[in-house]
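The values are calculated or read from the model by the stated rules, or taken from the named source; none is laboratory data. Being a predicted model, the structure only gives us computed values, none of them experimental. Because the Cβ atoms are built from the backbone with ideal geometry, glycine has one as well, and the counts that use them run over all protein chains shown. For the accessible areas, the whole protein counts, side chains as well, though only heavy atoms, and no ligand, DNA or RNA atoms are used. Shrake-Rupley method; radii C 1.70, N 1.55, O 1.52, S 1.80 Å.
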Amino acid sequence: MNKTIGILGCGWLGLPLAKSLIASNYPVKGSTTSEAKLIHLTELGIEASKIVLSEKGIIGSIDGFLTKIETLIINVPPKLRGTNKENFVAKMEHLLQKIEASAVEHIIFVSSTAVYGEVDGVVTEQTIPAPATESGIQLLASEDIFKNHSSFKTTIIRFGGLVSEDRHPVTMLVKKEGLKNGEMPVNLIHRDDCIRIIKKVIEENWSSVIINGVYPEHPTKKEYYSEVALQRGLNMPDYEADKTKKGKIISADYLLNVKNFKFLTSLKK
C-alpha cells in the first residue's frame, strides 16, 4: 500500500489534490476548519479531521491527525487582509511542535513567489528572497521554520498566481479602472499543474529542495488578461500606459532543467 498522505487544508487546492491522490491509490487524511465540510470529505474517501490553527494554539485533535502520516502537505495560506489579520508564523511554530512529536518524515510546504518581492529580471530558486509584503515576509519566515530540520525532510514549493476555470483574477481586474504595471510579465500556474507537481514530489521523493511552481510562458499582464477577457466574453481590462518597470520573470528552473517536468495546462484554459 502507498504511504499515507496528510493534507492540512482541504480547500480550493487541497481538495482536488486529495481527490487526485485517492485516485492514485494513496490513503489520504485531510483537515478542514468547517464542521459541515467533514461529511463531504469523508464521502470522498478522505479521513477527515477538523483542525483550526491559531496564534494561540491548535484546536482539534492534531496529534490524532498526524498519526501514521508519512508525508504532510501544509497548504494553509496566511490570512493577512482585512481587519482579522493573524500571526501566521506563530501558527506554524505551534504546528512544528506537534510535527516534531509525530512520525512525519516529509513536509511539503506550499509557499508563494511573493517571497521574492519586487525585484526586476529573471528569478530562479537560487535568487535570494526579498519579500516586500507582509504575506511574503511571513511565508519566508515560515519556510525557515521547516527548512533544514533534523527530524524530517522539507520540500518548499513557491507557486505563482494560481488560476483555474472556476477562479481567475481576470474576473476582478475587468471591474477596475486605471490598472498599473500592464507591461510587466505574468507569473501564473494552473491548479492542475500544481497538483501534478505535488504528486511528482511525493512519487519521486523530491525532498530538501525549493521549487518554483510557475508556468514557463510570461506574456505581459495587459496582453494576457486582455486575451483571457476576450475569450471569456468580458470587457477589456483598463491598463494605464506605463513601461517604467520591467517586472520579474520567475523561472521554474528546478522543474524544467533538473527534473524535465512538462507543464500540461495552458493558463488560458
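Descriptive notes on the structure:
- Annotation: of all residues in the range 60-73 being free of Cβ contacts under 8 Å to residues at least 40 places away in the same chain and outside any loop (DSSP other than H, G, I, E, B), the one that is least open to solvent (accessible area, probe 1.4 Å) is Ile62.
- You will find that of Lys269, Lys221, Lys245, Lys180, the residue that is farther than 30 Å from Glu70 by Cβ and either surrounded by 18 or more Cβ atoms within 10 Å (Cβ to Cβ) or of a type in the set (Phe, Trp, Tyr) (or both) is Lys221 and no other.
- Qualifying positions in the range 217-269 - in contact with a Phe, Trp or Tyr (Cβ under 6 Å, 6 or more places away or on another chain) and either of a type in the set (D, E, K, R) or closer than 13 Å to Ile189 by Cβ (or both): Lys222, Leu255, Phe263, Leu267
- Any hit, the range 74-83, residues being open to solvent by 30 Å² or more (accessible area, probe 1.4 Å), charged (D, E, K, R) and part of a helix (DSSP H, G or I): no
- Of the residues in the range 121-135, not one is touching a His at 6+ places or on another chain (Cβ under 8 Å), in contact (Cβ under 8 Å) with a residue 24 or more places away in the chain and not in a loop (DSSP other than H, G, I, E, B).
- Checked against (1) more than 26 Å from Glu93 (Cα to Cα); (2) in contact (Cβ under 8 Å) with a residue 40 or more places away in the chain, Asp166 passes all but condition (2).
- Flag if Lys91 is open to solvent by 40 Å² or more (accessible area, probe 1.4 Å) and of a type in the set (Lys, Arg): no
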